[in-house]
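Take a look at the structure below.
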Amino acid sequence: MKVLVPVKRVLDYNVKPRVKSDGTGVDLANVKMSMNPFDEIAVEEAIRLKEKGAATEIIAVSIGEQKSQETLRTALAMGADRAILVVADFSIEPLAVAKLLKAIVDEEQPGLVILGKQAIDDDSNQTGQMLAALLGWSQGTFASKVEINGDQVAVTREVDGGLETVSLKMPAIVTTDLRLNEPRYATLPNIMKAKSKPLAQKTPADYGVDVTPRLTTVKVVEPAKRQAGVKVADVDALVAKLKEMGVAA
Amino acid sequence: MKTLVLVEHDGQAVKDATLATVTAAGQLGDVELLVAGQGVGAVADAAAKIAGVSKVLVADDAAYANLLAENVAKLVVALMGDHDAFVAPATSNGKNIAPRVAALLDVMQISDIMSVESADTFTRPIYAGNAIATVTSADAKKVITVRGTAFAKAAREGGSGSIEAAGGQGDAGLSSFVSAEVSKSERPELTSAKIIVSGGRALGSEEKFHEFIDPLADKLGAAVGASRAAVDAGYAPNDYQVGQTGKIVAPEIYIAIGISGAIQHLAGMKDSKTIIAINKDEEAPIFQVADLGLVGDLFKILPELTSKL
């Protein structure tokens, strides 16, 4: 069984985003970029399935600018077998990403597509569900556990009230949550080896997908700032304040 | 514009997330509700009483018993011929179902809106709330999820919507529900609690988390939350998590205990009305957003605070 893992190049999660003064977006010039953390978890899960013998080949896919090659090389260094980059020089929306992924799924026929539940830049949380819809496949979102049994995959999902387990008919879509696994670091020999793994370059036109955006960003601003308040000296002062607020009798 | 709102419920009652979503949808136009589930007559009756609701569509069928996205999306798409916008709360159900609906309608969803600027323009948080984007949608129909803390709750009484049966789309046969492990608690729900007591990694262990956080929460009638660090360390279950990747909360009072205040955590609670921080590190970033701060050892402060309240 092939497993397809889409990955996105995003602002590194340790970098504090700065809104551009002209209000057009967040400044991405000269800042550290990394693989979206949820996608790293997706790559790791695919590798574990391969190590268990449930998967035979892992294909990493990225849709974005040329530099997304670095992100794909990271996936290859972790253990993906080959990569596909669909080059696009502007930000592609989740719906168009899902359409491109559907075209790739039609070609590659994977049994499972594992995606991050959301990218930490636009925080949309849409692509996996949309891809499942376009393919007419089942979906297991926000997964904290994935178990393949024959032609079914049991996915334990992190939901508002706790955990929920669903059984999906394969082929299926899984989106990852934080507790699914802890991604490995690529070792130096594997980073070297990844350089010679195949990486195919495509364009949206190759797949006949219209990627024209449906949403226009009018402006991007910083959120209203909270003012730091006061520090109280001790518990008695805190209790007094809480009483003022009517919290304690 | 005619909107269709997905009702979040637990099989017996309408959940608060629905009420904020009704307010958001009301700013777009006429509000109709969809109650999907099995044995949800009481939910439908309650939903019809929500202020501003004109009609409640009830899909009462075993196929919708566990709100599987594959089945509910099919149902919603069938109803969208007659509606201009599908509006869902940004709960785990809403986030699971809405994008599936959007793709089937060939619509680009607008996730987690914080305000309605006009019929096609909305604001939404990006980069974990470190930036707010204003976006305009060119799609004829809209698919939207709503951040519950950003809108006032519609009144539970005052409406007199009609109730109509919907459904008949059947089971897609793609997935099935196996089991649920619902955290049982006598405390209020995190996303609707007036007071939240939240613990961080400084608690040091699961035992200490319960020993020190629980009594204070019980004294205040508060919900219990946790930072991602505390959840990752196994001190608290995942559904306690407040933050970018957990729950977004905005209670009257948020008490952060032994939480340093990572961007990730602040994204989930900085809209709280009053933030109180207790931390031994006076340089902790949490103090930059806290209205009231107390620097000190939480293992000494908490028992004293709990006994004096």
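Need a quick list: strands (runs of 3 or more DSSP E) entirely within region B:229-309 having at least 1 residues that are closer than 28 Å to A:V159 by Cβ and touching a helix residue (DSSP H, G or I) at 6+ places or on another chain (Cβ under 8 Å).
Counting at least 1 such residues, we get B:253-257, B:274-279.
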| task | Any chance you could count how many residues in region A:127-149 are surrounded by 24 or more Cβ atoms within 10 Å (Cβ to Cβ) and either among the aromatic types (F, W, Y) or at the interface with another protein chain (Cβ under 7 Å from one of its Cβ atoms) (or both)? | result | 8
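Table: residues versus (1) part of a helix (DSSP H, G or I); (2) at pLDDT 95 or above; (3) within 13 Å of A:L4 (Cα to Cα).
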position	(1), (2), (3)
A:F38	yes, yes, no
A:V43	yes, yes, yes
A:A46	yes, yes, yes
A:K50	yes, yes, yes
A:A55	no, yes, yes
A:V61	no, yes, yes
| query | Has region B:261-274 got at least one residue that is without any contact (Cβ under 8 Å) to a residue 60 or more places away in the chain, under 24 Å from A:G161 (Cβ atoms) and at the interface with chain A (Cβ under 8 Å from one of its Cβ atoms)? | reply | no
| task | Need at least 1 residues that are surrounded by 20 or more Cβ atoms within 10 Å (Cβ to Cβ) per element, so show me which strands (runs of 3 or more DSSP E) inside region A:150-249 make the cut, counting only ones lying wholly within it. | result | A:152-159, A:162-169, A:172-176, A:215-221
| note | B:L174 fails exactly one of (1) within 19 Å of B:I286 (Cβ to Cβ); (2) in contact with a strand residue (DSSP E or B) (Cβ under 7 Å, 6 or more places away or on another chain); (3) within 11 Å of chain A (Cβ to nearest Cβ), namely (1)
| query | Out of region A:29-43, which residues are surrounded by fewer than 21 Cβ atoms within 10 Å (Cβ to Cβ) and closer than 11 Å to A:G116 by Cα? | reply | A:P37
| Candidate set: region B:224-234, residues that are out of contact with any Gly (no Cβ under 7 Å at 6 or more places or on another chain) and modelled with pLDDT of 95 or more; chosen: the one surrounded by the most Cβ atoms within 10 Å (Cβ to Cβ) | B:G225
| task | Evaluate region A:165-183: report whether one residue or more is of a type in the set (S, T, N, Q), more than 8 Å from every other protein chain (Cβ to nearest Cβ) and in contact with a Phe, Trp or Tyr (Cβ under 7 Å, 6 or more places away or on another chain). | result | yes
| Only one of (1) more than 11 Å from chain A (Cβ to nearest Cβ); (2) closer than 23 Å to A:K225 by Cβ; (3) surrounded by fewer than 24 Cβ atoms within 10 Å (Cβ to Cβ); (4) at pLDDT 95 or above fails for B:V295. Which number is that? | (1)
| task | Inspect all residues belonging to region B:228-238 and state whether any of them is of a type in the set (S, T, N, Q), within 27 Å of B:K184 (Cα to Cα), within 22 Å of the chain's Cα centre (by Cα) and more than 8 Å from chain A (Cβ to nearest Cβ). | result | no
| query | If you check A:L101 against the conditions, is it among the aliphatic types (A, V, I, L, M), within 14 Å of chain B (Cβ to nearest Cβ) and under 14 Å from the mean Cα position of the chain (by Cα)? | reply | yes
| query | Out of (1) facing another protein chain (nearest Cβ under 9 Å); (2) surrounded by 15 or more Cβ atoms within 10 Å (Cβ to Cβ); (3) not in a loop (DSSP other than H, G, I, E, B), what's the single condition that is false for B:D139? | reply | (3)
| query | Out of region B:23-79, which residues are surrounded by 24 or more Cβ atoms within 10 Å (Cβ to Cβ) and among the charged types (D, E, K, R)? | reply | B:E70
| Check on A:S124, farther than 24 Å from B:G173 by Cα, buried (at least 19 other Cβ atoms within 10 Å of the Cβ), polar (S, T, N, Q) and facing chain B (nearest Cβ under 8 Å) | yes
| note | Exactly one of B:I144, B:I163, B:I132 is part of a strand (DSSP E or B) and surrounded by fewer than 18 Cβ atoms within 10 Å (Cβ to Cβ), and that one is B:I163
| task | Can you give me the number of residues within region A:214-249 that are touching a Leu at 6+ places or on another chain (Cβ under 9 Å) and at pLDDT 95 or above? | result | 1
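Which of the residues spanning region B:81-97 are more than 13 Å from B:K141 (Cα to Cα) and of a type in the set (G, A, S)?
If the condition is that a residue be more than 13 Å from B:K141 (Cα to Cα) and of a type in the set (G, A, S), then B:A88, B:A90, B:S92, B:G94 are the ones that fit.
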| said: Any residue that is of a type outside the set (S, T, N, Q) and at pLDDT below 95 - is there at least one of those in region B:30-51? | reply: no
| request: Please find, among B:I286, B:I248, the residue that is buried (at least 24 other Cβ atoms within 10 Å of the Cβ) and over 14 Å from A:L242 (Cα atoms). | output: B:I286
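The values are calculated or read from the model by the stated rules, or taken from the named source; none is laboratory data. Keep in mind the model is a prediction, meaning the values are calculated, not measured. Heads up, the Cβs are rebuilt from the backbone with ideal geometry, glycines too, and the neighbour counts pull from every protein chain shown.
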